[in-house]
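Undergrad: Here you go, one structure.
The values are calculated or read from the model by the stated rules, or taken from the named source; none is laboratory data. These figures come from a predicted structure and were not determined experimentally. We place every Cβ from the backbone using ideal geometry, glycine too, and count neighbours over all the protein chains shown.
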Amino acid sequence: MTTTETGRPVDGPGGDGCGTDPSAAPPAADGRPVPPGGAPDAFEADLLPTPKGASRALLGSLLAPHRGRVWAAAVALLLQQAAAQASPLLVAYALDRAVPALRAGDRGPLLVLAVAAALSAAVAGGLQWVFVRLSARAGQDVLLDLRGRIFRHAQDLGLDFHERYTSGRLISRATTDVEALRELLEEGLQELVTVVLSTLYISALLLWLDLGLGVAALLSAVPLALLVRAFQRSSHRAYRAKSTAIAAVIVRFTETLGGIRPVQAFRREPANDAAFADLNARHRQFNGDAILAMARFVVGSRMTANVAIAALVLWGAYRVATGALALGVLAAATLYLRRLYDPIDRLGVFLNSYESAAASLEKIAGLLAQRPSVPEPALPRALPPAAPGRPGREVAFRGVRFGYRTGGEVLPRFDLTLAAGSTVAVVGATGAGKSTLARLLARFHDPSEGRVEVDGVDLRELSGAALRRAVVMVTQEAFLFSGTVADNIALGRPDADRAEVEGAARAIGAHDFIAALPDGYDTDVRKRGGRLSAGQRQLVGFARALLADPAVLLLDEATSSLDIPGERAVQRAMGAVLHGRTALVIAHRLSTVESADRVLVMADGRVVEDGAPAALAAGHGRYAALHRAWRESVG
Amino acid sequence: MARRTLAVMATTTCSTSPDERTGAVRRSAVRSLLRLWPFVRPVRVRLFLAAGVAVVASCLSVVIPLVLKWLVDGPVSHGDTGGVWLGGGYLLLLGVAEALLFGLRRWLVSRPTAAVEAAMREALYRHMQRLPVAFHDRWATGQLLSRATTDLQLLRLFLVFPMTFLLVNGATIVVGGVLLLVQQWTLGLVLLAPVLPLMVVCSVFQAQYGQAARRAQDQVGDLTTVVEESVLGIRIVKGFGRHRTQARAFGELAGAVRGTELRKARLLAAIWGVNTLLPELALGAALVLGTVQVADGQLSAGTLVAFLSTALALRWPVDSIGFLLAMSSAAATAADRYFEVLDEPPVAEDGAAPGGRTADGEQPGGGLVFEGVEFRYPDAPPGSPPTLRGVDLHVRPGETMALVGATGSGKTTLTALVPRLYDPTAGRITLDGRDLATLTREEARTLVAVAFEEPTLFSTTVAENVLMGGADGPAAERAAALRRALRVAQAEEFVAALPQGTATGVGEQGMTLSGGQRQRLALARAVVGRPRCLILDDPLSALDVHTEARVEAALREVLASTTALVVAHRPSTVLLADRVALLSGGRIVAVGTHHQLLRENAQYAALMSGGPARATERHEGEDGR
């Protein structure tokens, strides 16, 4: 039989550094993970600690549910390859059997030939179809799973994490890094199966033909293995660097887009161009490095293979000349030798996409290994039923102390109880700890010591859902998500119907302006609520909180951008809405404070004054001073 | 040539740019890809060389088996040792050459294609920075970002493989076809019979695949947007315990991406299946026919084998066409998406008409003058009244004018016109006698500094955030300007308390700082360059009363010598100003001092104090507690 070179250009597609941008979270330079709780630089350098073996475990857990489908795809591919390789056999059959039979007037073998050819064509084509569909299905399911895991995990992580990780990096993880894995899943399996299969097949054939030649051929696998090791190492390094570099590019890009107004108003374009060019050039460099690593591997492996072929042929010829080897064996072995080395380049393709995906998986695993700073309880407790006719709940800080992990105490140990149904205002200079107090109560952070309780239940023991029924916080930055005004209000309670959404908006005095928008409640707020003014966004934020209907409401400077009528309207609404609810109000406007039941004045993390607003205003403390200043400003 | 329709039927819940979903634009994939030429031009020599090398290398790959066969049939079977040595030598030579050529091709393309990708990304970034704010209002970040990453990646891949191998494989197929016809034209015809149906199938496939690819790429953009918002809005998500809702929304979108990807895979599976089936069938037919011919003696067995070997050699080039086309299709889509943004006209640099319209109506000294200024947002629904309907206002040089108006009355819009973030749709704005429209934006923005309502900071150090307000000159001067600006904004104290002082990084959008701290840094940024004209949009809203009073005092000194427009919501801020303008119904309806307007204008009085009627209500509200 003659050659059946498939003629696939060994230099063919796929084997470029074509990885999508992965994003490796390189551990420390020595390859060991950075110690947990590592330096804050870990974020800056996009280097989250990844436990050893985490990326492999991640890949395993992703693939496990699809084991069946992956095996089915592999079997389909095996059969497909067998069918596709049948042509030489058919030619042999045609010449050896069909031609003589035909000459003898027997059309049987010809018929067999025709049927076999049609069958092998159908099987090859059909299984190709089956394989692509099966593997795509498994691959896409894995990607969906992975994307979901990344997103859900990121949402569970605390604010302290997000403040440092930035959205750009998370985007990089959920898009370009996932894309790198996709490449491995889509092409990797096919390459791997082909490589393993043809190597096994041809090695066995060679060994059977001649033990000496076979062993010699297998020996050439040693330098090849060394090459593979070297390639893996350099390509892993290159891909890691590349993925960090693309994440940096993405971070920059996102930030410029997010702040386009200040960028243009302050003429930052040239400076940004320069900074971006730097980051981009770094990425270009690492991208090129990754591709070149592959190029070096291709040269090295092909060289080794071709030299081995030449050497084996010469050795074989020498043995034929000395009579130690049958001529036919050499002929056959020679023809197979070349095919033995064919899969090398495909191995390169596989390794390449594997390294690219591994670098990305490492980064993703690093992200997934981050533990939420405010974990959900394993055994959540329920809140005791609310007192009838009184939606508020008692809030208590018991022996609470709070400091950042990096040191620096924000709130020294204190005890504080807010009576159920009372409205408590907190005033004090920036940095006095007002927002920290609110954030502890909203469980954005957990106290370093002590307990924050709602009706006697530690916040840490409440499930996320129960916590949010109990406590809701409205902040100064009323962030709006893309979507309609109604969507944004309904975020407070997703199962609310339109009437309830409108009711909340009416209650807060936002209905009029919303109704005046082009599509009313269905108006798209555009990117980050750009269609609305800051004051309008705050009103939407309020409506959202009203709709959520919590037992405890936290307002952190939530009216700062409202004009006075707007603020009054909110106060009126709150008067009705807060009735019976517990509220903690951080406000700079003493107009808000005046209507509270109780005022806490904070300084340096401590409550320094505590009492009814009128009583404090009448005294000689800080509040009285603030109150006088405010009176004067209102004129 | 295969044509495809760019009908995009993205049906996602997310806001994406309206432009990219504008439906059926018929454009050839080739034409889309040809647009890459300006970026490819600088590396064209290397790319063409690489293609040439690829052809030579493919030829070598074909020659090596022939040498092997010759070696076996000739010297080995004849026991010609000298011949074997010679053949082995050839084999070694060819093998080394082949390896080197493969390496050469990759070496030739690797850096250049990375460079093309980088150049295109940089061009996109540059362009995007210079697109009008109105463009950014419409386009979600994720859509732009996905163009800068995934799409460019696809384009680079296209340059590396499909571009070269469509050529190489195409040529191989043509040459192989001719060889087949020459060897045995009847068998050749049988073998080539599937070419026509394959071409039809391929073009249909390309059209459909192009659509699916477009949708997939758009959906990835939407996904990106959701991820971005989930981080920027993390406080809301956490505050309302909505991470499950968000995760569900994300899951749905990711599911949509999966659906589209599966559609792509189904198309690919079909084309690949057909591409395997038809040639194999033709091969089988040729084999049967050839067998008959051999039996009849019309054909020698050797010729049939040679013929079939040639046919088999063509298998890979034919098989590969399917996915090469798919890659090209995706690349063409990526090119379309990329150039959609690059084709957006950047803000026209129309200004700097010397003399021009500056002369007429010029007042000595000038100040900031709005004359009949009208503005409507480009995407406002037709028929709706413009946001600003003829604003006339004169801020005298050095004067501070407060701008007061109800929530949503267009105050921020009006202030955005001065640094030319938007241009008025009618009327004109002059600064010190020069029509802003005759200045370049660069010039206009040099003269004007803004503290935005939303104090957006960048993830760099405090010092850099402030100094981007335009303090140039030697380091010492910059340091002095920084100190002065921080003092004005009363930010010295808290900045000094940061771990690394002014060299402390502030995190994404300055989120590690409190609202009040961000606002003070934004204020410092506005005053650091001692601008001729200062726009402050509610600059003190997030400050506590104490700090507010101190900032006011310091700010007064700056405002004494600066023409300034200050958006104000409360009396304390209004008191910074010399006079107040009341914006209502898209016009300035009253100008005067604070006390004057309080007395004379009921609307103003209501805005500043809640009005008598409201005050009563408020008391009732309080009593109700």
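Undergrad: Checking residue B:510 against (1) on the phi < 0 side of the Ramachandran plot; (2) out of contact with any strand residue (DSSP E or B) (no Cβ under 8 Å at 6 or more places or on another chain); (3) crowded, with 24+ Cβ neighbours inside 10 Å; (4) within 11 Å of chain A (Cβ to nearest Cβ), which test does it fail?
TA: Going through the list (1) on the phi < 0 side of the Ramachandran plot; (2) out of contact with any strand residue (DSSP E or B) (no Cβ under 8 Å at 6 or more places or on another chain); (3) crowded, with 24+ Cβ neighbours inside 10 Å; (4) within 11 Å of chain A (Cβ to nearest Cβ), residue B:510 breaks only (1).
Undergrad: Within the range A:59-97, can you find the residues that are more than 30 Å from residue B:303 (Cβ to Cβ), without any contact (Cβ under 8 Å) to a residue 12 or more places away in the chain and either surrounded by 17 or more Cβ atoms within 10 Å (Cβ to Cβ) or not small (Gly, Ala, Ser) (or both)?
TA: Answer for the range A:59-97, where residues must be more than 30 Å from residue B:303 (Cβ to Cβ), without any contact (Cβ under 8 Å) to a residue 12 or more places away in the chain and either surrounded by 17 or more Cβ atoms within 10 Å (Cβ to Cβ) or not small (Gly, Ala, Ser) (or both): A:67, A:71, A:75.
Undergrad: Sticking with this one: Any chance you could count how many residues in the range A:104-142 are under 18 Å from residue A:65 (Cα atoms) and at the interface with another protein chain (Cβ under 7 Å from one of its Cβ atoms)?
TA: 4
Undergrad: Would you check if residue B:148 is within 30 Å of residue A:253 (Cα to Cα), at the interface with chain A (Cβ under 7 Å from one of its Cβ atoms), touching a residue at least 40 places away in the same chain (Cβ under 8 Å) and in contact with a Lys or Arg (Cβ under 6 Å, 6 or more places away or on another chain)?
TA: Against the criterion (within 30 Å of residue A:253 (Cα to Cα), at the interface with chain A (Cβ under 7 Å from one of its Cβ atoms), touching a residue at least 40 places away in the same chain (Cβ under 8 Å) and in contact with a Lys or Arg (Cβ under 6 Å, 6 or more places away or on another chain)), residue B:148 does not qualify.
Undergrad: Picking from B:522, B:542, which residue would you name as being in a loop (DSSP other than H, G, I, E, B), within 11 Å of chain A (Cβ to nearest Cβ), touching a residue at least 60 places away in the same chain (Cβ under 8 Å) and in contact with a Pro (Cβ under 8 Å, 6 or more places away or on another chain)?
TA: That would be B:542, the only listed residue that is in a loop (DSSP other than H, G, I, E, B), within 11 Å of chain A (Cβ to nearest Cβ), touching a residue at least 60 places away in the same chain (Cβ under 8 Å) and in contact with a Pro (Cβ under 8 Å, 6 or more places away or on another chain).
Undergrad: Go through the range A:465-489 residue by residue and tally those that are under 21 Å from residue B:514 (Cα atoms) and among the charged types (D, E, K, R).
TA: Total meeting the criteria: 1.
Undergrad: Yes or no: residue B:248 more than 7 Å from chain A (Cβ to nearest Cβ), surrounded by fewer than 24 Cβ atoms within 10 Å (Cβ to Cβ) and touching a residue at least 40 places away in the same chain (Cβ under 8 Å)?
TA: So residue B:248 fails the test.
Undergrad: If you don't mind, there's one more thing I want to ask. For the structure I just gave you, tell me whether residue B:109 is within 7 Å of chain A (Cβ to nearest Cβ), of a type in the set (A, V, I, L, M), buried (at least 20 other Cβ atoms within 10 Å of the Cβ) and touching a helix residue (DSSP H, G or I) at 6+ places or on another chain (Cβ under 7 Å).
TA: no
Undergrad: Sticking with this structure for a sec: Give the residues of the range A:585-604 that are at pLDDT 85 or above and either crowded, with 24+ Cβ neighbours inside 10 Å or assigned to a strand (DSSP E or B) (or both), sorted by residue number.
TA: A:585, A:586, A:598, A:599, A:600, A:601, A:602, A:603
Undergrad: Within the bounds of the range B:302-321, is there any residue that is of a type in the set (Asp, Glu) and over 30 Å from residue B:31 (Cβ atoms)?
TA: no
Undergrad: Among what's in the range B:77-98 and is aliphatic (A, V, I, L, M) and surrounded by fewer than 23 Cβ atoms within 10 Å (Cβ to Cβ), pick the residue that is nearest to the other protein chains (Cβ to nearest Cβ).
TA: Ranking the qualifying residues of the range B:77-98, first place goes to B:92.
Undergrad: Further question: So which pairs qualify, if the first residue must be in the range A:248-275 and at pLDDT below 90, the second must be in a loop (DSSP other than H, G, I, E, B) and among the small types (Gly, Ala, Ser), the Cβ gap must be under 8 Å, and the two must be at least 6 apart or on different chains?
TA: Once the first residue is at pLDDT below 90 and sits in the range A:248-275, its partners that are in a loop (DSSP other than H, G, I, E, B) and among the small types (Gly, Ala, Ser) give A:251/B:459; A:255/B:459; A:266/B:469; A:266/B:470; A:267/B:470.
Undergrad: So, in the range A:196-241, of the ones that are of a type in the set (Lys, Arg) and surrounded by 16 or more Cβ atoms within 10 Å (Cβ to Cβ), which residue ends up nearest to residue A:356 (Cα to Cα)?
TA: Residue satisfying both the conditions and the ranking: A:240.
Undergrad: Let me ask you something else. Looking only at the range A:443-483, which residues are within 18 Å of residue A:375 (Cα to Cα), within 14 Å of chain B (Cβ to nearest Cβ) and among the charged types (D, E, K, R)?
TA: A:443, A:446, A:468, A:469
Undergrad: For a quick check of your reading of the model, give me the residue pairs whose first member lies in the range B:286-297 and is within 8 Å of another protein chain (Cβ to nearest Cβ) and farther than 10 Å from residue B:187 by Cα, whose second is of a type in the set (Lys, Arg) and surrounded by fewer than 19 Cβ atoms within 10 Å (Cβ to Cβ), with beta-carbon atoms closer than 7 Å and at least 6 apart or on different chains.
TA: As it stands, the answer is B:295/A:103, since those pairs meet every condition given.
Undergrad: Next up: Of all residues in the range A:486-543, which are touching a strand residue (DSSP E or B) at 6+ places or on another chain (Cβ under 7 Å), over 20 Å from residue A:469 (Cα atoms) and aromatic (Phe, Trp, Tyr)?
TA: Across the range A:486-543, the qualifying residue is only A:521.
Undergrad: Check the range A:141-161 and report whether any residue there is under 30 Å from residue B:279 (Cα atoms) and among the aliphatic types (A, V, I, L, M).
TA: no
Undergrad: Please enumerate the residues belonging to the range A:484-499 that are at the interface with chain B (Cβ under 7 Å from one of its Cβ atoms), within 19 Å of residue B:231 (Cα to Cα) and of a type outside the set (A, V, I, L, M).
TA: Passing the criteria: only A:492.
Undergrad: From (1) acidic (Asp, Glu); (2) more than 9 Å from chain A (Cβ to nearest Cβ); (3) crowded, with 22+ Cβ neighbours inside 10 Å, pick out the condition that doesn't hold for residue B:229.
TA: The number of the failed condition is (2).
Undergrad: Of the residues that sit in the range A:148-169 and are crowded, with 24+ Cβ neighbours inside 10 Å and modelled with pLDDT of 90 or more, which one is nearest to the chain's Cα centre (by Cα)?
TA: A:151
Undergrad: So, residue A:554, is that one within 9 Å of another protein chain (Cβ to nearest Cβ) and over 33 Å from the mean Cα position of the chain (by Cα) or not?
TA: No.
Undergrad: For the range A:522-537, which residues satisfy the criterion of being within 12 Å of residue A:478 (Cα to Cα) and over 30 Å from the mean Cα position of the chain (by Cα)?
TA: A:532, A:533, A:534, A:535, A:536
Undergrad: Just to check your reading of the model, which residue among A:628, A:622 is within 11 Å of chain B (Cβ to nearest Cβ), basic (Lys, Arg) and crowded, with 18+ Cβ neighbours inside 10 Å?
TA: Every option except A:622 fails the conditions.
Undergrad: Given the condition within 13 Å of another protein chain (Cβ to nearest Cβ), under 30 Å from residue B:331 (Cβ atoms), part of a helix (DSSP H, G or I) and polar (S, T, N, Q), answer yes or no: does some residue in the range B:190-207 qualify?
TA: Taking every residue of the range B:190-207 in turn, none turns out to be within 13 Å of another protein chain (Cβ to nearest Cβ), under 30 Å from residue B:331 (Cβ atoms), part of a helix (DSSP H, G or I) and polar (S, T, N, Q).
Undergrad: Right, residue A:497: out of contact with any helix residue (DSSP H, G or I) (no Cβ under 6 Å at 6 or more places or on another chain) and crowded, with 19+ Cβ neighbours inside 10 Å or not?
TA: No; evaluated as a whole, the condition is false for this residue.
Undergrad: For the range A:410-436, what are the residues that are within 13 Å of chain B (Cβ to nearest Cβ) and closer than 16 Å to residue A:604 by Cα?
TA: A:410, A:426, A:427, A:428, A:429, A:430, A:431, A:432, A:433, A:434, A:435, A:436, listed by residue number.
Undergrad: To continue, here is another question. Hey, can you tell me all the residues within the range A:463-480 that are part of a loop (DSSP other than H, G, I, E, B), at pLDDT 85 or above and crowded, with 24+ Cβ neighbours inside 10 Å?
TA: A:480
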